[in-house]
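The values are calculated or read from the model by the stated rules, or taken from the named source; none is laboratory data. Please read these numbers as outputs of a predicted model, since none were measured by experiment. For neighbour counting, all protein chains shown are included, and Cβ atoms are generated from backbone atoms with ideal geometry for every residue, glycine included. Just so you know, the surface numbers come from the protein's heavy atoms only, side chains and all, with ligands and any DNA or RNA stripped out. Shrake-Rupley method; radii C 1.70, N 1.55, O 1.52, S 1.80 Å.
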Amino acid sequence: MINTLLKTVSAAALGFVASACLAAAQDDTLKIGMTFQEMNNPYFVSMQEALNEAAAQIGAEVIVTDAGHDVAKQISDVEDMLQQGIDILLLNPTDSAGVESAVRMAKDQGVIVVAVDANANGPVDTFVGSKNRDAGYQSCAYLAEALGGQGEVAILDGIPVVPILQRVEGCKEALAEHEGITLVDTQNGRQDRSVALGVVENMIQSHQNLAGIFSVNDGGAMGALAAIQGSGRDIKLTSVDGAPEAVKAIADGGPFIQTTAQFPRDQVRVGLGMALAQYWGARVVPTEVPIDVRTVDAENAADFSW
């Protein structure tokens, strides 16, 4: 009877210890929070997929939020993640200056903050992003050369975050190297297909000699492509991103002749790597890691993917 009782007590004790150990292990699980400026974009969808794959390999928990280009929501999302006890915050800001308070909140709680794709104001530990100025330069140099260094061109601009501003700067630098190229219009398509469609239709109607358009992203470029095709005009189009739909359009031939591809999966992998290095105690971690970009045109589009 006593032996049976002892066995019962021992089993209960072992069960309690096992439960306690499991709870402790769960409490020790690395928590990674990532807030995106938007998720209605294959670029960021592919980034999330890569993050989930990487986190699964190291047994980490991932919390993902979509700001929908609303900086107030993004700040609120970060607050919620901090309450859930995240260790690492990967931040894709919808407004580089507007999210500074979120960065400071995270740092005040000892969270490692890595900005991905676009930098953020405040005490960010590391920024990992594409060479956006190079991207804009490559696309507009390609456009100018395709036009033989002559003709009127326009820029389909976007939301004024640092990466977009840098792409436009790079584009203008490339166009300025060709005396025969004239920049006749710059309008904001908000990186949105439907908005860009209407904007480019107006551009085409306003400029009878328009020969080329540079779009700051592939989402806007697809709207621009529809406008160009609808006009029946011979207008060449270049862009930045490397989105699957854009790459297919380039491979199929037509007005869309080039995109400068970024690597969203690599950005988030490197960003997580920088954060993990600091989480594991590294003291010498780069404050900025630029990721190269690559031209995709009819020659290599069939073999390219994110």
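Summary of computed values
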{"read-out": "On Cα atoms only, tilt of 71-83 relative to the major axis of the chain in degrees", "value": "20 degrees"}
{"read-out": "Around A120: net Lys/Arg minus Asp/Glu count, Cβ-Cβ under 13 Å", "value": "-3"}
{"read-out": "Computed helical MRE - 222 nm, the chain, DSSP H runs ≥ 4 contributing -39500 (n - 2.57), nearest 500", "value": "-15500 deg cm²/dmol"}
{"read-out": "Normalised alpha carbon radius of gyration of the range 88-216 [divisor 2.2 N^0.38 Å]", "value": "1.27"}
{"read-out": "Whole-Å distance, taken between Cα centres, linking the range 68-87 and the range 93-160", "value": "21 Å"}
{"read-out": "Rh by Kirkwood over Cα pairs, then Stokes-Einstein D for the range 202-270 at 1.002 mPa s and 20 °C, µm²/s", "value": "171 µm²/s"}
{"read-out": "Extension gain (nm, one decimal) between D266 and K172, 0.36 nm per residue minus Cα-Cα", "value": "31.1 nm"}
{"read-out": "Approximate spin-label separation Q109-T186, in nm, with each point projected 7 Å along Cα-to-Cβ", "value": "3.9 nm"}
{"read-out": "Calculated log₁₀ intensity ratio I(q)/I(0) where the Debye formula runs over C-alpha points of the chain, q = 0.08, 0.10, 0.12, 0.16 Å⁻¹", "value": "-0.42, -0.60, -0.79, -1.18"}
{"read-out": "The chain, accessible surface, carbon-and-sulfur percent (1.4 angstrom probe)", "value": "51 percent"}
{"read-out": "Rounded, prolate or oblate (a/c below 1.5 giving rounded, otherwise prolate when a/b exceeds b/c) for the range 178-306 by Cα gyration tensor", "value": "prolate"}
{"read-out": "The chain - charge dipole about Cα centre, Lys and Arg +1 at Cβ, Asp and Glu -1, debye rounded to 20", "value": "620 debye"}
{"read-out": "The range 237-306 shape via C-alpha gyration tensor axes, a/c threshold 1.5", "value": "prolate"}
{"read-out": "Degrees, to the nearest 10: 132-146 long Cα axis against longest axis of the chain", "value": "30 degrees"}
{"read-out": "Accessible area (Å², per residue) of the chain, counting only protein heavy atoms and a probe of 1.4 Å", "value": "46 Å²"}
{"read-out": "Principal-axis tilt of helix 218-231 within the chain, Cα atoms, nearest 10 degrees", "value": "30 degrees"}
{"read-out": "Cα gyration tensor shape of the range 125-194, rounded if a/c is under 1.5, else prolate or oblate by comparing a/b with b/c", "value": "oblate"}
